[in-house]
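Q: After the structure tokens below, expect a handful of questions from me.
The values are calculated or read from the model by the stated rules, or taken from the named source; none is laboratory data. Just so we're clear, the structure is a prediction, and the values are computed from it rather than from any experiment. Reconstructed Cβ throughout: ideal geometry from the backbone, glycine too, with neighbour counts over all protein chains shown. These area figures cover heavy atoms from the full protein model, side chains too; ligands, DNA and RNA do not enter into them. Shrake-Rupley method; radii C 1.70, N 1.55, O 1.52, S 1.80 Å.
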Amino acid sequence: MPDYATLREIWWGILGVLLIGFAVTDGFDLGVGATFRFIGRTDDERRALLESIEPVWEGNQVWFILGGGSVFAAWPLLYAASFSGLYLAMFLVLVALILRPVGFTYRGKLEEPRWRNAWDWALTLGGAVPALLFGVGFGNLFLGLPFHYDELQRPVFTGTFFALLHPFALLAGAVSLAMLILHGAAYAAFKVGEPMSQRAAAVGRVAAVVFVVAFIIAGVWVGRLEGARIVAGADPLGASNPLDKQVQLLPGAWLSNYRAHALLWLLPVLGIAGAAASWLSLGARRAGRAFLASCVSVTATILTAGVALFPFLLPSSTHPSHGLTIWDASSSAYTLAVMLLAVAILLPVILAYTAWVFHVLRGRITLEEIRRHTDRY
């Protein structure tokens, strides 16, 4: 079994895999939801778009649940500090996510246009709001959250919800929203028939341009932010104690890992290249290739942020030395080892099941098929 330091690094990687799994699978659900009211212009067209994600969204949520569970079990200090300090923001995300299953269930109960129009907007918000707030959350990690630990080592959050809406955080939200709209539009272009497919391709190409521009601006901005750097303490083999280290805030420190390992620059390059390839593929009517390229872009973008933050999980802006890292926020070595065995068994099962579901549900959804099913659903 790996030593304590290696287990912590492995679980940092597992957390990244779960975040990427959620962004790649549920991300296209959010992207389709955020734009389906505009890609679909009639009730039948919107039904076709919803039908493309309704059978799979619930399975895709598994990655979200696994991510939350892994934070709770593997990084309890991170769970306590983030969920208590960001309670209102997370509540809004959950409300928006809840709108989706409710909208799927109730939209088709009545044929009244105003009823369906109201649920269409609810589903749009259910896709756009989480996609935006996830990016805002990541942006605030680079800014640091205003929290510290008291004499009993209890996390104390001193900020407000509106303080989270910093211009850089909003820019990160725009990166996330554009990225997932591109991802969702590529999926819709691949999964549904005309004319929705053509409109989705057009939306995806616009989103790709917005994403690349916002991503580059955010990268330049990160290079000018004050980043956290450990100067003492944080023993990789020691017990988890977030107060047993010293941290300095230095301009450009978030790019230290990239300066130390030049090959890491391939990650942001892949993020941009994936979006560019998706833009080209959508223009060439190669929706399948566009979706695969957007998967690469989503994966590389998340890895870009994660590598920049490493080894920090939750930096503190008010008390930098109280920020949480992978070395001082984890569970015990025994807990991480037992959970690693469980992940080694269950994660391949989840991947195999997900692949099987998408194989069974392969094929396009056309307006002709939608019109053959006139019953309320």
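Q: What do you get for the angle between helix 167-191 and the principal long axis of the chain? Use alpha-carbon atoms, 0 to 90 degrees, nearest ten.
A: 40
Q: Sticking with this one: Can you give the relative contact order of region 267-373 as a percent, counting alpha carbon pairs under 8 Å and 6+ residues apart?
A: Across region 267-373, relative contact order equals 17 percent.
Q: If packing is taken as the mean number of other Cβ atoms within 10 Å per residue, what is the order of 220-226, 193-199, 26-32, 300-306, highest first?
A: Descending mean neighbour count gives 26-32, 300-306, 193-199, 220-226.
Q: Which of VAL247, LEU324, LEU263 sits farthest toward the positive end of the charge dipole of the chain, with +1 on the Cβ of Lys and Arg and -1 on the Cβ of Asp and Glu?
A: LEU263
Q: Please name which of GLY184, VAL307, ALA228 has its Cα lying farthest along the dipole of the chain towards the positive end, using unit charges on Cβ (Lys, Arg +1; Asp, Glu -1) and the Cα centre as origin.
A: GLY184
Q: Express the relative contact order of the chain as a whole percentage, based on alpha carbon pairs under 8 Å and six or more residues apart in sequence.
A: It comes to 24 percent, rounded to a whole number.
Q: Here's another thing I want to ask about it. If you place +1 on the Cβ of every Lys and Arg and -1 on the Cβ of every Asp and Glu, how big does the dipole about the Cα centre of the chain come out, in debye to the nearest 20?
A: Charge dipole, the chain, about its Cα centre: 1040 debye, nearest 20.
Q: Still on this structure: For the chain, with a Gaussian network of springs between Cα atoms less than 10 Å apart, report the residue from ALA337, ALA128, ALA290 with the top mean-square fluctuation.
A: In this elastic network of the chain, the residue with the biggest mean-square fluctuation among ALA337, ALA128, ALA290 is ALA337.
Q: Using the Cα gyration tensor of region 14-76, with a ≥ b ≥ c the square roots of its eigenvalues, what is the shape: rounded (a/c below 1.5), prolate (a/b larger than b/c) or oblate (neither)?
A: Verdict is prolate for region 14-76.
Q: Could you pull out every residue, at least 5 positions away or on a different chain, whose amide H is within less than 5 Å of the one on GLY323? Hs are placed 1.01 Å off N in the peptide plane, and Pro or chain starts have none.
A: SER316
Q: If you don't mind, another one. Among (1) 35; (2) 47; (3) 44, which one is percent of Cα pairs over 32 Å apart computed from these coordinates?
A: Identified label for the calculated read-out: (1).
Q: Carbon and sulfur together cover what percent of the accessible area of the chain at a 1.4 Å probe radius?
A: C and S fraction of accessible area: 69 percent.
Q: To the nearest 20 Debye, how big is the dipole of region 149-300 about its Cα centre, given +1 on the beta carbon of each Lys and Arg and -1 on that of each Asp and Glu?
A: My answer is approximately 740 debye.
Q: Tell me which of VAL175, GLN198, LEU99 sits at the most positive position along the dipole axis of the chain, charges placed on C-beta atoms (Lys, Arg +1; Asp, Glu -1).
A: Positive-most Cα among the choices belongs to GLN198.
Q: Going by alpha carbons, how many degrees (0 to 90, nearest 10) lie between the helix axis of 57-74 and the longest principal axis of the chain?
A: 10
Q: Can you tell me the accessible area per residue over the chain, all protein chains present, probe 1.4 angstrom, in square angstrom?
A: Result: 46 Å² per residue.
Q: What value, in deg cm²/dmol to 500, does the helix sum -39500 (n - 2.57) over DSSP H runs of n ≥ 4 give at 222 nm once divided by the residues of the chain?
A: It comes out at -23500 deg cm²/dmol, rounded to the nearest 500.
Q: Still on this model: May I ask for the angle, rounded to the nearest 10°, between helix 196-222 and the longest principal axis of the chain, with both axes built from Cα atoms and the value confined to 0 to 90°?
A: The helix 196-222 is inclined about 20 degrees to the chain.
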